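The values are calculated or read from the model by the stated rules, or taken from the named source; none is laboratory data. Here the structure is a predicted model, which is why all the values come from computation and not from measurement. Because the Cβ atoms are built from the backbone with ideal geometry, glycine has one as well, and the counts that use them run over all protein chains shown. The area values use the complete protein model at the heavy-atom level, side chains included, leaving out ligands, DNA and RNA. Shrake-Rupley method; radii C 1.70, N 1.55, O 1.52, S 1.80 Å.
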Amino acid sequence: PVPTGASQEAIMRHYDLSDDFFRLWLGDELTYSCAWWEPDEGTDCLAAAQARKIDYFAEQLGVRGACVLDVGCGWGGLLDRFVRVHGAAGGTGITMSPAQAAFATARKVPGAHFGLQSWTAHDPTEPYDAITCVEATEHFASERLTPDEKVQVYREFFERAASWLRPDGKLGLQAICLDNAGHDGSRPGRMPYTDLLLDHIFPESMSPALSELVLGWETHFQLEQFHAHPDHYVRTFRAWALAHRRHEDEA
């Protein structure tokens with residue numbers, strides 16, 4: 001059996017706070033991940049920067065006419081844009097948040113199905129042309145795991161992802177990594193960033209180090225492109241923080 005990451009209760013504690021709350025600072029599309037910014041864009045361009053990120057994945061994965069699996073689909077914005085803007089045939093989005101699954105389903109994306117499911121339970125009847133996993137790996141491993149158990153989780157995920165794809169299929173991954181922290185540094189009580197995540201944002205979770213992800217995918221996938229965008233996340237955080245500040249009373 002795959003060692004468990006964040007429980008559904010922990011996922012709900014954060015993501016099911018309120019769709020209306022998240023919309024105040026994420027925007028109407030409820031895209032909860034790092035955006036892709038142009039150099040001269042201000043924080044008022046958050047929606048465009050988030051759309052640009054999704055468009056990048058669509059172009060690199062070649063989703064026109066494709067059936068796509070979105071692991072950790074959030075509120076469904078990625079598959080929605082893949083279908084309506086980029087001509088994807090449809091696909092499946094899975095999340096462990098009931099609120100997200102309900103919101104995504106209500107989008108009525110043609111050819112797309114959204115379900116309440118962990119990746120560990122996913123068993124498709126037909127292979128996918130492409131898979132996306134945008135900032136979901138943070139929840140795959142919990143802070144209770146040993147270093148070896150943590151790497152084994154990622155190996156299991158990428159092995160299963162490869163089995164879900166057609167022979168020429170592609171995987172698009174976006175991840176928050178705790179680089180230079182090491183396993184010990186990512187444990188509770190070891191560093192302010194970790195405690196912020198575990199106590200206030202993502203309980204029971206543990207972000208991977210990049211090296212751990214590489215150990216996970218190297219057997220099953222060949223790396224085609226790699227981008228490191230910490231500066232883009234700084235700008236994304238700033239846009240979220242300023243939007244929250246503008247709507248603080250409502251929040």
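What to note about this one:
- Restricting attention to segment 39-62, the residues that are closer than 20 Å to Gly27 by Cα, small (Gly, Ala, Ser) and in contact with a Phe, Trp or Tyr (Cβ under 7 Å, 6 or more places away or on another chain) add up to 1.
- From Val68, Val83, residue being farther than 24 Å from Phe226 by Cα and among the aliphatic types (A, V, I, L, M): Val83
- Filtering segment 59-94 to residues that are open to solvent by less than 10 Å² (accessible area, probe 1.4 Å) and among the β-branched types (Val, Ile, Thr) leaves Val63, Val68, Val71, Ile94.
- Annotation note: Cβ proximity below 7 Å between a residue of segment 33-62 that is closer than 20 Å to Glu138 by Cα and a residue that is hydrophobic (A, V, I, L, M, F, W, C) and at pLDDT 95 or above (sequence gap 6+ or interchain) occurs for Ser33/Val134; Ala35/Leu46; Ala35/Ala49; Trp36/Ala49; Gln50/Ala35; Lys53/Ala35; Lys53/Trp36; Ile54/Leu78.
- Scanning segment 212-228 turns up no residue that is modelled with pLDDT under 90 and either in contact with a helix residue (DSSP H, G or I) (Cβ under 6 Å, 6 or more places away or on another chain) or surrounded by 16 or more Cβ atoms within 10 Å (Cβ to Cβ) (or both).
- Residue list for segment 1-27, restricted to those being among the charged types (D, E, K, R) and either at pLDDT below 95 or closer than 30 Å to Gln152 by Cβ (or both): Glu9, Arg13, Asp16
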